[in-house]
Amino acid sequence: MLKGKKILIGITGSIAAYKTITLVRLLIKAGAEVKVVMTPAAREFASPVVLSTLSKNTVIHDLVEGDAWSNHVMLGRWADVMLIAPLSCNTLAKMANGLCDNVLLAVYLSATCPVVIAPAMDEDMWHHPSTKRNLVQLVKDGNHLIEVGKGELASGLFGDGRMAEPEEIGQYLIENFFRTDELKGQKAMVTAGPTYEAIDPVRFIGNHSSGKMGFAIAEELYLRGADVTLITGPTSQQTNYKGITIKPVVSADDMYNAAVAAFDGAAIAVMSAAVADYKPVLASQEKIKKKQDEWSIELVKNKDILHQLGQQKKKGQFLLGFALETNNEKENALSKLKAKNADGIVLNSLNDKDAGFGVDTNTVTIFHQSGEEMKVALKSKKEVATDIVSFIIKHLHV
Ligand code: PMT
C-alpha cells in the first residue's frame, strides 16, 4: 500500500515515543521509506539505534553531527508527508511560535510537504489555555491534527492526552495522503457480517459471520479511491477509515432496504454478507417461556437481496456475489452466478482449512460471467480483498 511513499517522522520528548517505534515498523512493513528526526529530549525516550535499525536509515538528531551539517532543507523536501509523533507540549509551543533551536524544528520550518501532528501530554497540560491557543495556531498554519485519545496517562491519571495508537496513525496517513484514484468518483456498496432474525426479544437465528471479509473489501475499495457505503449486520468489527459510510443493520429485511437504496448510483456492489435465508413468521414481543419438551418455529423465506439487485442492475454496474458452499462447490457457485444475474461470484468453500467464518485468512475462487476463473490462494483477508478489488477493477465497465 505504501510502496515508494516517503514518510519523515519527527519524534519529541514524550513517553509515547515507544508507540512511534511500532509505527515505524508498521510503515516499513507496508512498503514506505521512512526517515526519522529527533529532538535532543526524544533520545531519552526512544533509542536512535532501534529507530535507525527499523527505518533502515540514519536517525538525525543534531543540526551538526561530527563535522557534517544536517541538510534539514532537503529532508523537508524529500518527504511526501512529515509526521510529528509524539508532539510534546514544549515542541508544540515552539512550532506555534516559529522557534528553531533544534534540528526537528529546522526540518519542520523547511518542510514543503503536508505536516501531520499527533500530540501527547498529560491532561492538565493538554487542557491548558496556552496549549489550546498554540494548537489553534498550528492548525491555522495548515498542519493536520490527529486528536489525542482518552485513557491512562504516564502520570497514572486517567484523562485526555494519550497519543493515537500506531495503527490509527498509519491509517490516518493512508486515508488522507495515499489513497489511489483508480476508483475515484465511483460509488461502491458492500454488505458484510451476519443478519439476526428475531424469535423473541432475547433469541434470534443468526450465523458465524464476523464481518472481517466484508470490512476488508470495503476498506480496499475505499483505499482505491471509491466512495464506500458499508452495510453491516451485527459485528464487533470496526474501521478507522472515517470516510467509509457505515450503515448498521440487524435483520435481512433491514439489509434488503439499505442495500436497495445504496445500489442506486453505485458502480460496484459486493455482497459478502451471510444473510439468513429464513426468518420466523412471527417474532414474539415477549420472551417465550420454557414449557413443552419440543418446540417448532415456523419460518418464512427472506427476500434475496443479491437476486433483487441483479434484477435492478443497469449497464455499467458491477455486481459481485459470494457463494458459501460445503459440497458441489463450483457447480453451486456457477448456478448462483447465473440465477442471480451477477457479474461475478466469489466461492468460499467451508471445506478449506483456515478459510471462511471468523478467521483472519481466506482462500476463494472468483468466477466471472465470461467464464474466467481466478483462484486466490490462502492469505490474509486483507490480501484476499486486494485481489477481489483488482478483479473488479479489471472487469468494471468492460
Ligand atoms: O464474515 P467473515 O467471518 O469474515 O466470513 C466471511 C464469509 C464466509 C461470510 C464470506 O466470505 C461469505 O462467504 N459470504 C457469503 C455467505 C452466504 O450467505 O453465502 P450464500 O451462498 O448463502 O449466499 C449467496 C449470495 O447471496 C451471497 O452473496 C449472499 O450475500 C446473498 N444473499 C443470500 C441470501 C439472501 N436472502 N440475500 C442475499 O443477498
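The values are calculated or read from the model by the stated rules, or taken from the named source; none is laboratory data. It should be emphasised that the depicted structure is a prediction, and the values quoted were computed from it without experimental measurement. As a convention, Cβ positions derive from the backbone with ideal geometry for all residues, glycine included, and neighbour counts pool all protein chains shown. Accessible surface areas use protein heavy atoms only, side chains included; no ligands, DNA or RNA. Shrake-Rupley method; radii C 1.70, N 1.55, O 1.52, S 1.80 Å.
Report in % the part of the accessible area of the range 223-372 that belongs to carbon and sulfur, leaving out ligands and nucleic acids; probe 1.4 Å.
Numbers: 3860 of 8230 Å².
Carbon-and-sulfur percentage of accessible area, whole number: 47.
Of the lysine pairs in the range 6-177, how many meet both conditions: Cα atoms under 23 Å apart, and a spacing of 8 or more in sequence or different chains?
16
Place +1 on the Cβ of every Lys and Arg and -1 on the Cβ of every Asp and Glu in the chain, take the dipole about the Cα centre, and give the residue among Tyr172, Thr326, Val24 whose Cα lies farthest towards its positive end.
Thr326
To the nearest 0.05, how large is the calculated FRET efficiency for Asn328 and Val50 if R₀ is 45 Å and r is the Cβ-Cβ distance?
Working: r = 54 Å, r/R0 = 1.20.
With R0 = 45 Å, the Cβ-Cβ based efficiency is 0.25.
If eta is 0.890 mPa s and T is 25 °C, what Stokes-Einstein diffusion coefficient results for the range 24-110, Kirkwood Rh from Cα pairs, in µm²/s? Present the calculation step by step, with values, prior to reporting the outcome.
Numbers: Rh = 13.5 Å.
Estimated via Stokes-Einstein, D reaches 181 µm²/s.
Add +1 for every Lys or Arg and -1 for every Asp or Glu among the other residues with Cβ under 12 Å from the Cβ of Ala192, and state the total. Write out the running numbers ahead of the final one.
On the way: positive: Lys212, Lys247, Lys381; negative: Glu219.
Net local charge, Ala192 excluded: +2.
For a protection proxy built on the mean count of beta-carbon atoms within 10 angstrom, sort 333-340, 249-256 highest first, please.
Numbers: 333-340: 17.8, 249-256: 20.4.
Listed from highest to lowest mean packing, they are 249-256, 333-340.
Starting from the Kirkwood radius over alpha-carbon pairs of the range 114-240, derive D by Stokes-Einstein at 37 °C in a medium of 0.692 mPa s and give it in µm² s⁻¹. Could you put the intermediate results ahead of the total?
Working: Rh = 17.7 Å.
D, rounded to a whole number, is 185 µm²/s.
Could you size up the charge dipole of the chain around its Cα centre, putting +1 on the beta carbon of Lys and Arg and -1 on that of Asp and Glu, and report it in debye to the nearest 20? Could you put the intermediate results ahead of the total?
Details: 44 positive and 45 negative charges, 131 e Å.
Using only the charged Cβ atoms, the result is roughly 620 debye.
Calculate the FRET efficiency for Asp277 and Lys242 from the Cβ-Cβ distance with a Förster distance of 35 Å, rounded to the nearest 0.05. Walk me through the intermediate numbers first.
Working: r = 34 Å, r/R0 = 0.98.
Efficiency, from the Cβ-Cβ distance: 0.55.
How big is the range 6-177 by Rg and Dmax over its Cα atoms, in Å?
Looking at the range 6-177, its Cα Rg and Dmax stand at 14.8, 46 Å.
Between beta-carbons, use under 15 Å as the cut-off and find the net charge around Asn362, counting Lys and Arg +1, Asp and Glu -1. Numbers along the way, then the final one.
Values: positive: Lys212, Lys353, Lys375, Lys379, Lys381, Lys382; negative: Glu219, Glu220, Glu325, Glu329, Asp352, Asp354, Asp360, Glu383, Asp387.
My count for the surroundings of Asn362 gives -3.
Considering only the other residues whose Cβ falls under 14 Å of the Cβ of Gly31, what net charge follows from Lys and Arg at +1 and Asp and Glu at -1?
Computed value for this residue: +4.
Could the peptides 116-128, 184-196 be put in order, highest first, of the mean number of other beta-carbon atoms found within 10 Å of their residues?
On the way: 116-128: 20.7, 184-196: 23.8.
Top to bottom by mean Cβ count within 10 Å: 184-196, 116-128.
Just to check, using Stokes-Einstein with a Kirkwood Rh over alpha carbon pairs, what's the diffusion coefficient of the chain at 10 °C and 1.306 mPa s in µm²/s?
Details: Rh = 23.8 Å.
The estimated diffusion coefficient comes to 67 µm²/s.
If I compute solvent accessible area with a 1.4 Å probe over the protein chains, what percent of it on the range 1-83 is carbon and sulfur?
Working: 2230 of 4000 Å².
Within the range 1-83, the accessible surface is 56 percent carbon and sulfur.
Treating only the Cα positions of the range 331-398 as identical point scatterers, give the base-10 log of I(q)/I(0) from the Debye formula at each q in 0.21, 0.26 Å⁻¹.
-0.89, -1.19
Taking only protein heavy atoms into account and a 1.4 Å probe, give the accessible area per residue of the chain in Å².
49 Å²
Considering the convex hull of the alpha carbon atoms of the range 236-295, report its projected area averaged over all viewing directions, in nm², one decimal. Working shown, then result.
Numbers: hull surface 28.1 nm².
Averaged projected area of the range 236-295's Cα convex hull equals 7.0 nm².
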